[in-house]
Structures are given as C-alpha cells and as structure tokens.
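Worksheet: the structure to be examined is printed underneath.
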Amino acid sequence: METSRIARILDEMGTILEIQGENPFRCRAYHNAAQALGSLPEDLSEMIADGSLAEVPGIGETLHSKVVQLATTGHLPAYDKLRKSTPPGILALLRVPGLGPKKIKALKDALHVESLADLRAAAESGAIAGLKGFGAKTEANILEGITFLEKSGGRILQHEALALVTPILEFVRGHPGVRRAEVCGSLRRRAETIGDLDVLFGAKDPAPVLNDFVALPQVVKVLGHGTTKASVMLQSLTRSDQLVQCDLRGVEDFQFPFALHYFTGSKAHNIAMRKRALARGLSLNEYALAGEGRDVPCKSEEDLFDALGLAYIPPELREDAGEFEAAERGTLPDLITREDLTGTFHCHTSKEDGGSDGEATIEEMVDAAKAAGLTYLGIADHSRSLAMANGLTIERVHAQWAKIDRINRKLGAGFRVFKGTECDILADGSLDFPDDVLDGFDFVVASVHSQFKMSREEMTARMIKAVSHPKVTMLGHPTGRLLLSRDSYAVDLDAVIAAAAHAGTMIEINANPHRLDLDSTSCRRARKLGVGLVINPDAHAVAGLSDLTFGIDVARRAWLSAADVFNTGTVEAVTKSLARMRSRPTRDATDSGLPS
Ligand code: DGT
Ligand code: CA
Ligand code: CA
Ligand code: ZN
C-alpha cells in the first residue's frame, strides 16, 4: 500500500477516535504518525526492511506495528473495526467548514446527528443554537456550510473546466518568476468529466504567485493557502449553484517534470510508473527520480519516460490500460489530432433555412467549416417524427436537397456539402423514412430520440435492427446519455457494436461535450472489431463545430490514429466510400448471426 494512503488511514483513525471521545493523547499519536509518514527521508518499504522506521520520531511502538501491517498486508483490522463502529455519514460532517471532531461528537451525543441530512434538519429546527458551545451564529454558519458543500460537490464538464482554467493558466504563466506552467489532473488527460482543476508551475519562489492567485477576482473562497500550494473555489460559469475547486502547486523548476507527471495521473498510471522505477532500483515521487546516491535529472516528461525505458506516453493514455507495454515495445499509436479531420457530418440547420432545430443556414455552416479547415460538411437535420425538433417531412427533404445541389454547384471543387439526415430509429427499430427516400441521401445518421425507457432487450434489438439496415451509414450518439444529467438508456452496447461491425455500419463519436458517446472504452473495443468511427459535432449552430476537439479527445483516449477515423480521408475518398456504402446489399438483424 502506498505511504500516502497509509498516512490518510492513520489520520482518519485519529479523527474517528476523537469523535468517539477517546483520550486526546491517543488520538494525537495517530495524527503525529500520519504526519511523520508524510516526510520520510526514504522509501517506506526500505525503512521497514532495514529497521530505520522504528527510529522515526512521531511513530511510537504501537503505531509502528500498524504501519508495518498496512504496508505489508494492505489491511488493518483495527481500522476496519473503527470504520464499522462509525455511522457512514459521520465522516462527511468533517467537510462542513468549521466543524471539527469535538463539535461533531457534541452534535452526535446531544442531537443524534449522524449525517449531513441530520445536520441540516437539526440546524433548520434551531436545535443547534440552544446547544452548549454552539449558539445562533454557529448554527447559521453550519447551514451556510452545508449549502456550500452541496454546491461544490459535483463534477463539471470538460468545456467548462477549460473555460475556467484557461485564464488561470494565463495568469500563472504571465507571473514574473514563473518558468513554466501546465494544467495537470483529469483535464490534462481529457477525461469526460472533471472533479477539480489542477495547475502546476515551476518557480524559484512559489509564494508570491500563490498570494496573487488567492486574490484573483474569480476566487470565491480560499480553502487552503501555504507556501507551495493553494486551493480555492471558483464560481462555475454555467451553474450559479456550483463552485469548482482549483489546486495550484508550485515547485522548483528542476522538479517540474516529476510533478507534472505525478499530478497528471491517473493514480493507477502513477502507481504502475512508480513500480517500474522501483524495479529498476530507482524511486520516483512528485519531486524526483532518485537513484543510488543521486537523483536522475530530467528536463521534461520525455526524459522521465526515457529514463524508465519508455517512449513518451501522451496524457490521454495514462490509465494503466496497456500504455506501459506499448511504450516499452514502441507500439504506441500515432494518435489522431484535430488537424487530421478533413470534414465532418451530423450538423443541424435552421428552420428558416429549411432545416430542423439549428440556428444557422447551410451557407453559414459551410463558411464556418471552411474557416475551421474542413473540406466537406454533412448536413443531417432531424427526420419527420421528431416534431418537437421540427423534423423534416419528405417534401422538405426534397427542398433541402435542391438547395444543397445549388450550393455545391456554387462552391465548385474546393468544398462539398453532403446531403444527410439524422433519421429517427422508431420504437420497433425501423427508420423514420421509407427506403426510397433514404436512397436519395449521401449518408444517413440513425439515432434514438424516443422511448428511452424500454427494456434492455427491446432497446438492444431495436438498435441492432437499425445498425443492420443497409441504408444506415452511421449510428448517432449511441447511448443517449447526457453527461452529469442523464444516464445512457439500458442497452447491450457490445451487441450493438458487434452488429455494426457485422453490417459495416460506422459509429459516431458525438463531440458535443454533454454527450461524448461512444465513450473511449467502447470506442477502443469498436475499433478492435473493425468498426469505422466518425467524429461528429452534432452542431446546432456555427459555434458547435469547435466541439470537434472534444471528439478528438475521446478518440485519443481510445488509442485511435487518423486511419481509424472515417472523416480523415480526402473528400474524394469519403465521397466514394459513402457511395459504396449506399449500394450495399440488403441485410437485416435476423441474419446477422449475432446475439440479439
Ligand atoms: P478528478 O480531479 O477527480 O477529475 O481527477 P484527477 O485525476 O485530477 O485527481 P486529483 O485532482 O485528485 O489528483 C490529481 C493527480 O494527482 C491524480 O490524477 C494523480 C495524482 N494523485 C493524487 N493523489 C494521489 C495518490 O494518492 N497517489 C498517487 N499515486 N497519485 C495521486
Ligand atoms: Ca483534478
Ligand atoms: Ca486536485
Ligand atoms: Zn440526435
């Protein structure tokens, strides 16, 4: 078990004992030992092996044996027992600003408060104000603290995280004395959702940077402020009831590559990396790679990976999901970048322009696509059943085709608009337009927009039927999820992916930051089965085209290179492939030979 985790467990034990009213000296022994573990001169396992751990001040005999037990077995029965004897909601109370173990014990004894909900009820009833040592002011503070916690508990989406962190990164980079700065954590790994923001900088003296950081106007609250680290809360840009934590850390410039790697994570990747260092007789932490008697200097993350016999592992792959083997063998993929995209599909246009629920005209979308370096654009407005999104009737489809023909004639060779539809997958898995209408499109995106609540079996059969339809080019937003607000519908996604592979139907990576499905894990699986992947913005306005970068992030986390993604081909190649797909022989789900 990692030293930092052992330290956290001891700290927690000390706190639980305090809440239980244990002798203060005994409680303090746990906290002291936790602190001592945080600043060990050497690797814990080595210090256990050579007996030097017993000499460390702050770790007495009893605590020493507990540390050894945790380090060697990963378990400590005394800890398990303490946790069992503690109501699960009690520890959450510690997160309420101003509430420590003593106050929690008092609230528990007098008012049976054992959770945040209990605490709120007690405060709202006025019972806390009457308690000895509390008073009306404390009660009001507690209520405010709970509200604060509720606001700040959640995760945020990547685009919001980027919008919040960008000015902070600029501020840090512009600060005199700062040599370099980077965003770390889940955001650097481009995770779907972000818990908190992590920013790292290298400077001889971090303190002035941190002082100015906590005074920034967007800082709502300072959670902690030391000489090398500060944590603050920022106001969310999209939700007035949400706050977002931002951690800023400063290290000396020569420590920067190690800290950058460490604070980028993921934790699982870090653990594997550290093991690898140990296996080479080196020890790695957030400040250094230490060898026999001297540190191994690294100027960059590249140097650090190189020192451990690895090619540079891009942050998106750092999940301990095979990246070490690939980096060792030199088989890491050449990951796709935004510049590889030659065009995109699945764009909506405005009702006034003959489209469905977009905001811009076809021409405006084309201009934006050109400006974004694309060479073709697929228009895919909603189909007739989706009345609430102004789905197109067959008549309106024909009118839109005529318009696109006109635009293409005007555009000439430099750019091409493809006629498409985001065709509803009806409840029984059939499509919202008859085959002879579907035949007239250059491409068909098939998506589920209704009846999300059907059983998993029904939904799976419905989607398999749709992806097996010969006129369907690609499956749109395959899970229907909206990140942080709506779960995927119940579906056997693996079976749908297998059916798509069988039918030669592509699957979309929906780049809208609220969706991002296929997710990277399923995407990686789809690629292994040979499914073609398409990165689509699902744009409802000109600005939506810039979401493509989020789709690129998913593709990179899924280990995809340009060759794995359909919309990296030339406009000629793409045109040819679409035509070939439209002339496929008829297939249906019943002859797919796949589990239904
Ligand atoms: P988040 O904030 O929940 O979206 O996810 P992360 O990955 O940004 O996590 P965070 O902010 O708690 O920590 C940033 C990085 O620091 C994390 O990815 C890896 C590293 N880290 C944090 N705690 C530990 C730890 O206990 N052990 C190791 N090995 N690494 C850690
Ligand atoms: Ca984080
Ligand atoms: Ca953090
Ligand atoms: Zn849709």
³J(HN,Hα), Karplus 6.51/-1.76/1.60, whole Hz, each residue of the stretch 14-30, x for Gly, Pro: x, 5, 4, 4, 4, 5, 7, x, 5, 3, x, 5, 5, 4, 4, 4, 5
Which of the lysines could be linked to residue 204 by a straight reach, that is with a Cα gap under 18 Å, when you skip same-chain ones fewer than 8 residues away? 229, 299
Accessible-area order (highest first, 1.4 angstrom probe) of the listed residues 538, 212: 212, 538
If DNA, RNA and ligands are ignored and the probe is 1.4 Å, what is the ranking of 112, 514 by accessible area, most exposed first? 112, 514
Using only the alpha-carbon atoms, how far is helix 493-503 inclined from the longest principal axis of the chain? Give it as 0 to 90 degrees, nearest 10. 30
Accessible area (Å², 1.4 Å probe, nearest 10) - residue 55: 140
Return the Cα extents of the stretch 267-332 along principal axes one, two and three, sorted largest first, each rounded to a whole Å. 33, 20, 18
So how exposed is residue 580, as accessible area in Å² (1.4 Å probe, rounded to 10)? 150
Please list, ordered by chain and number, the residues whose modelled amide H lies under 5 Å from the amide H of residue 475; skip anything fewer than 5 residues away on the same chain. 446, 506, 507, 508
Short version: ³J(HN,Hα) in whole Hz for each residue of the stretch 203-219, in order, from phi by Karplus 6.51 cos²θ - 1.76 cosθ + 1.60 (θ = phi - 60°), x for Gly and Pro, what are they? 7, 4, 10, x, 3, x, 5, 5, 4, 6, 4, 5, 9, 4, x, 7, 7
SASA check, residue 398, accessible area w/ 1.4 Å probe, all protein chains in place, rounded to nearest 10 Å², comes out at 100
I'd like the Karplus ³J(HN,Hα) series for the stretch 286-294: coefficients 6.51, -1.76, 1.60, θ = phi - 60°, whole numbers in Hz, and an x wherever there's a Gly or Pro. 6, 10, 6, 10, 9, x, 3, x, 8
Restricting to bridges with both residues inside the stretch 342-584, how much of the DSSP beta-bridge set is antiparallel, in percent to the nearest 5? 5
Determine the sum of side-chain charges near residue 569: Lys and Arg each +1, Asp and Glu each -1, restricted to other residues whose C-beta is under 13 angstrom from that of residue 569. 0
Take the Cα pairs of the chain, get the Kirkwood Rh, then feed it into Stokes-Einstein at 25 °C and 0.890 mPa s and tell me D in µm²/s. 89
Would you mind checking which residues have amide H under 5 Å from residue 383's amide H? H placed 1.01 Å from N; only 5 or more apart, or other chain. 392, 422, 424
Restricting to bridges with both residues inside the chain, how much of the DSSP beta-bridge set is antiparallel, in percent to the nearest 5? 45
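The values are calculated or read from the model by the stated rules, or taken from the named source; none is laboratory data. Quick caveat: nothing in here was measured; it's all calculated off a predicted structure. Here Cβ is always computed from backbone atoms with ideal geometry, including for glycine, and neighbour counts include all displayed protein chains. Each accessible area value is taken on the protein alone, full model and side chains, heavy atoms only, with ligands, DNA and RNA left out. Shrake-Rupley method; radii C 1.70, N 1.55, O 1.52, S 1.80 Å.
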